[in-house]
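First comes the structure, then the notes that go with it.
The values are calculated or read from the model by the stated rules, or taken from the named source; none is laboratory data. Computed from a predicted model, the values in this text were never measured in an experiment. Every residue, glycine among them, receives a Cβ derived from its backbone with ideal geometry; neighbour counts consider all protein chains shown. With ligands, DNA and RNA removed, areas are computed over all heavy atoms of the protein, side chains included. Shrake-Rupley method; radii C 1.70, N 1.55, O 1.52, S 1.80 Å.
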Amino acid sequence: MILRVENLSKVYKNGKGVKDVSFELKKGEILSILGPNGAGKTTTIKCIIGLRKASSGTITLNGNFSYLPEEKRLYRWAKVSQMIEITKGYVELNEEIALGILKDLKISLLEKIANLSHGQLTSLYLALTLSQKADLYVLDEPTWGLDPLSRSYVLEKIKEIALEGKSVLYTSHIVEDVEKTSDRVLIMKDGYILEDGYIDDIKEKYVTVRARKDEEVAGYLYKETSDERVYIIEREKAPPDHEPASFSMIVESIMRGDGK
């Protein structure tokens, strides 16, 4: 076990935060935290790595970590090559891996940080993060702002990390990325974990049920038409005439939280 979080709570003055969050992460496993803005994804990560002090709960991290923050800020005056040298002064970084990632993502070493687009800045930060020697890679929105080709490349790099026996914990709001990459997922909303499980198990757990508008159904409302409602329901509670539910349908319905 690389990470164990038990009953983590972090409550801010406005009442927002995370409440009673518990989960575990094994070595070689990719765990994603999905949720809308304000769900508590970043707060959870910052408590784990010590950037926020938890109000209560226990966090056990067995190893060192490399961290990609949600806000990708680097020294604007520096060139890409200088940023690599600066980073090497603080962490154990494999320069060959970093240079390879930058080459693949077409980021010039001579480019100034201030001139990089949002996607290029994310790519540089990813090169610096993924080339560090770590047991756990904590990535907050690692594909945000990337073009489709760069996104696919980064997702493959994340999978390679897990194949090497390292662990990955990352947040995202892109359901497609999570389904392609992750072993397990936490679905969060308003500071709580609503679902925790392996992706295949979650897809097996829920089905789609169509009902008349005047019917009472105990499930998550997915969509409503002029003459019916479509619900996402646990398979064991569903009527015989149910239909399969895609992972994106399940996630969207749980995060919206209508019904149940």
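Structural remarks
- Of everything in the range 241-256 that is in a loop (DSSP other than H, G, I, E, B) and either touching a strand residue (DSSP E or B) at 6+ places or on another chain (Cβ under 8 Å) or farther than 24 Å from residue 185 by Cα (or both), the residue that is least open to solvent (accessible area, probe 1.4 Å) is 245.
- Candidate set from the range 162-183 (those that are within 23 Å of residue 38 (Cβ to Cβ) and in a helix (DSSP H, G or I)); member that is most open to solvent (accessible area, probe 1.4 Å): 176
- Of all residues in the range 184-220 being over 24 Å from residue 239 (Cα atoms) and outside any strand (DSSP E or B), the one that is most open to solvent (accessible area, probe 1.4 Å): 190
- The residues of the range 221-240 that are touching a Lys or Arg at 6+ places or on another chain (Cβ under 8 Å), of a type in the set (Lys, Arg) and either touching a residue at least 60 places away in the same chain (Cβ under 8 Å) or not in a strand (DSSP E or B) (or both) amount to a single one, 235.
- Within the range 16-42, considering residues that are β-branched (Val, Ile, Thr) and touching a Leu at 6+ places or on another chain (Cβ under 9 Å), the one farthest from residue 136 (Cα to Cα): 18
- Of the candidates 145, 100, the single residue that is outside any strand (DSSP E or B), of a type outside the set (S, T, N, Q), surrounded by 13 or more Cβ atoms within 10 Å (Cβ to Cβ) and at pLDDT 95 or above is 100.
- Restricting the first member to the range 74-97 and to residues that are within 13 Å of residue 130 (Cβ to Cβ) and open to solvent by less than 100 Å² (accessible area, probe 1.4 Å), and the second to residues that are assigned to a helix (DSSP H, G or I) and among the basic types (Lys, Arg), the beta-carbon pairs closer than 8 Å and six or more apart or on different chains are 95/88.
- Residues of the range 46-69 that are within 22 Å of residue 12 (Cα to Cα), surrounded by 14 or more Cβ atoms within 10 Å (Cβ to Cβ) and of a type outside the set (A, V, I, L, M, F, W, C): 46, 52, 55, 57, 69.
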